[in-house]
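J.: Quick one: structure below, then a few questions.
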Amino acid sequence: MGIEREITALQLEEKKLVAEIKRTAKTGNEAGTKILARQLVRLRQQISNLQGNRAQMRGIATHTQAMYANTSVAAGMKGAGKAMGAINKQMAPAKQMKIMQEFQRQSAQMDMTSEMMADSIDNVLDNDEAEEETEDVTNQVLDEIGVDIASQLSSAPKGKVTGKNVQSAESSEMDDLEKRLAALRSS
């Protein structure tokens with residue numbers, strides 16, 4: 001900046017003037033020393049004034065930057081306001097409600113279709129092979145735990161059983177099963 005150079009030049013001049021005042025004072029020239037002292041006072045006032053001007057100019061520059069920033073923010077807000085207005089025009093509440101109701105209707109229809117498809121697939125897959133496979137898995141599990149249903153069914157009494165015999169047959173079968181379970185647990 002030009003003010004900075006001017007201040008630097010005046011400060012150099014001040015140093016030279018102080019040195020000259022000292023030389024003049026050593027020679028004993030009192031009138032010359034007073035004149036140089038007045039010049040020094042005026043020079044220092046000029047430096048002080050220039051430094052004040054520099055501070056004011058910096059303040060003005062800062063203020064100008066702040067104003068520019070405020071203007072930019074205002075322009076941005078204006079643009080955002082226009083954009084929000086355009087979006088609000090497109091987002092009519094009644095229209096949005098109608099769209100949501102249509103979405104719910106279509107979603108419910110899709111759920112029913114999916115459920116019908118799942119039922120159809122289950123009906124196709126639910127055949128005799130699935131039952132046989134289920135029976136095989138059940139027998140395998142029972143074999144693993146040591147329960148033989150076929151032998152139990154063959155040893156079961158056939159024919160009519162009276163009430164008293166039913167209870168004793170059931171209790172003996174229960175006792176037999178409990179013994180087998182206890183044997184399995186201990187092994």
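J.: Under the definition of Cα pairs under 8 Å and six or more residues apart, what whole-number percent is the relative contact order of the range 1-90?
T.: Reported relative contact order: 30 percent.
J.: Shifting gears a bit: Can you check what the net charge comes to around E13, using other residues whose Cβ is under 12 Å from the Cβ of E13 (Lys, Arg +1; Asp, Glu -1)?
T.: For residues surrounding E13, the net value is +1.
J.: So how strong a dipole does the range 1-90 carry about its Cα centre when Lys and Arg Cβ are +1 and Asp and Glu Cβ are -1, to the nearest 20 debye?
T.: 80 debye
J.: Quantify, in whole percent, the carbon and sulfur part of the accessible surface of the range 1-126 (1.4 Å probe; protein heavy atoms only).
T.: 60 percent
J.: If you don't mind, another one. Mind counting lysine pairs for me in the range 1-90? Cα separation below 24 Å, and the two need to be 8 or more apart along the chain or on different chains.
T.: For the range 1-90, the number of qualifying lysine pairs is 7.
J.: Rolling a 1.4 Å sphere over the protein heavy atoms, what is the accessible area per residue of the range 1-90, to the nearest Å²?
T.: Result: 80 Å² of accessible area for each residue.
J.: Could you tell me whether the range 64-123 comes out rounded, prolate or oblate from its Cα gyration tensor? Rule is a ≥ b ≥ c as square roots of the eigenvalues, rounded for a/c under 1.5, then prolate if a/b exceeds b/c, otherwise oblate.
T.: prolate
J.: Still on this structure, please answer the following. Using each residue's phi in the range 175-183, evaluate 6.51 cos²θ - 1.76 cosθ + 1.60 at θ = phi - 60° and report the 3J(HN,Hα) Karplus result to the nearest Hz, with x for Gly and Pro.
T.: Each residue of the range 175-183 in turn: 4, 5, 5, 5, 5, 5, 5, 5, 5 Hz.
The values are calculated or read from the model by the stated rules, or taken from the named source; none is laboratory data. Source: prediction; values computed, not measured. Using ideal geometry, Cβ is built from the backbone for each residue, glycine included, and neighbour counts are taken over all protein chains shown. SASA here: full protein model, heavy atoms, side chains in, ligands and nucleic acids out. Shrake-Rupley method; radii C 1.70, N 1.55, O 1.52, S 1.80 Å.
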